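Worksheet for the structure shown next.
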Amino acid sequence: MRDSSPSSPAFWRSPLRGPRFTSVLGLVLLLGVTVLFVTGLVSYAAYNPDLAPVNDKTPDKGILGFYLFDWPTDPHWLYRLTQGVHVTLGVTLIPVLLAKLWSVVPRLFTLPPVRSVTHGLERLSLLLLVGGGLFEFATGVLNVQLDYAFPGSFYPLHFYGAWVFFSAFVVHAVLKVPAAVRNVRRMRAGEETVEDPAGLVAPSPDAPTMSRRGALWFVGGGSALLFGTTVGQNFDGPLRRAALLAPHGGADPGTGPNGFQINKTAALAGIDAVEAGDPAWRLTVVGRGGTVRLDRAALARLAQHSAALPIACVEGWSTSDQWWRGVRLRDLAALVGHEDDPPGVFVESLQRHGAFRHAALSASQVADPRSLLALQVNGEPLSADHGAPARVIVPAAPGVLNTKWVARLTFGRL
């Protein structure tokens, strides 16, 4: 009679479980999770959170902010690449993570739960590893799907969860990777015996319905399917339409010069069409030399410049380079007394509510000749959804820092 207690080794009968299967999945996750962690830190750094409180969505980060640096403007596609890798890889690894957890689930039920202090610490790291991994992947997927069902802000939850998960992951890797590498080498050499200190092999396995190699191909196929239905949101044309699992897959939201992806419409942001239109709208520019107010016609009379830059968002989607035209931010800084060495700028939107209605840009971002207060895109005036009458566009900056519906620029006070 089959033992009905999960704490008994005889309860687990799958012939697929074993150190071979687990070792391969573990080594894939070792590389993949490391890339996820690094690109996640890079994404957070891209917000320049130490520049101004308005940019810091994870306050009280303490020593966890040690890695932060001024985010560069070159190459202009940097954030598009790093965040696209982060999101696409995270989605792709979901089948690998679930298969890895399935392969070691008997260990969660072993008795006694703690045999020694060392064993207790290992069990605690395993709890943090499993819980942290599920939390990070779940919140990441919800954020990508624009489903903000979190008990708080996504940014601090995902940030601190990543540190908990990765710390436990490092401990687990130090303990388990040497054995996993030896097992994979023995597999490649065709050896029959492998290390199984965790007792993953079922003592009385059921008859197999597929081989372990077939199971690995099944997991790999699931990852390939998720990759193929997600990665397209980083591109235009047919590839975007193949991104069936991404909210920003499918056809572009419209046609013509303004017919490329957006995250938030003017209506959703609560933009008043009268306030944003002529003759009501004015741009207020403030600096050490005083205050200047400009309507759209006055902005159009200033020297106009163009830059080919993408829009790339934290959810992983991006556009190809769009052709923006407007006034350089450094030229606007010169209007208010910052001719030689433009400082950083505090940008305010007509948007009344939302985490990114205000943003701070660094001095290096302002000084870049491709950083614009854009009035046009692809040869036509900006549409309301793309930020009319004027929006910021900065090379390599996350989409939320490219503030739309700009009302005020304050240079030198962040």
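The values are calculated or read from the model by the stated rules, or taken from the named source; none is laboratory data. Here the structure is a predicted model, which means the values were calculated and not measured. Here the Cβ positions follow ideal geometry from the backbone for every residue, glycine too, while neighbour counts run over all protein chains shown. Side chains are part of the model used for accessible areas, which takes the heavy atoms of the whole protein and leaves out ligands, DNA and RNA. Shrake-Rupley method; radii C 1.70, N 1.55, O 1.52, S 1.80 Å.
Observations on the structure shown:
- Residue, farthest from His86 (Cα to Cα), within segment 22-72, restricted to residues that are in contact with a helix residue (DSSP H, G or I) (Cβ under 8 Å, 6 or more places away or on another chain) and among the β-branched types (Val, Ile, Thr): Thr22
- Cβ-Cβ distances below 7 Å connect the following pairs, each with a first residue in segment 285-311 that is without any contact (Cβ under 8 Å) to a residue 40 or more places away in the chain, a second residue that is open to solvent by less than 50 Å² (accessible area, probe 1.4 Å) and part of a loop (DSSP other than H, G, I, E, B), and a separation of six or more residues or different chains: Asp295/Trp281.
- Of everything listed in (1) farther than 29 Å from Phe218 by Cβ; (2) open to solvent by 30 Å² or more (accessible area, probe 1.4 Å); (3) assigned to a helix (DSSP H, G or I), the single unmet condition for Pro75 is (3).
- Residue in segment 54-64 that is in contact with a strand residue (DSSP E or B) (Cβ under 7 Å, 6 or more places away or on another chain) and not small (Gly, Ala, Ser) present: yes
- Of the strands (runs of 3 or more DSSP E) lying entirely inside segment 277-345, those containing at least 1 residues that are open to solvent by 20 Å² or more (accessible area, probe 1.4 Å) and touching a Ser or Thr at 6+ places or on another chain (Cβ under 6 Å) span 290-294, 322-328.
- Within segment 218-238, considering residues that are hydrophobic (A, V, I, L, M, F, W, C) and under 13 Å from Thr319 (Cα atoms), the one farthest from the chain's Cα centre (by Cα): Phe235
- Residue among Val174, Val104, Val164, Val114 that is among the β-branched types (Val, Ile, Thr), open to solvent by less than 40 Å² (accessible area, probe 1.4 Å) and farther than 26 Å from Leu401 by Cβ: Val104
- If you filter segment 1-43 down to residues that are farther than 27 Å from Phe137 by Cβ and among the basic types (Lys, Arg), you find that the one that is most open to solvent (accessible area, probe 1.4 Å) is Arg2.
- The one condition in (1) assigned to a loop (DSSP other than H, G, I, E, B); (2) within 22 Å of Val28 (Cβ to Cβ); (3) more than 20 Å from the chain's Cα centre (by Cα) that Gly256 fails to fulfil: (2)
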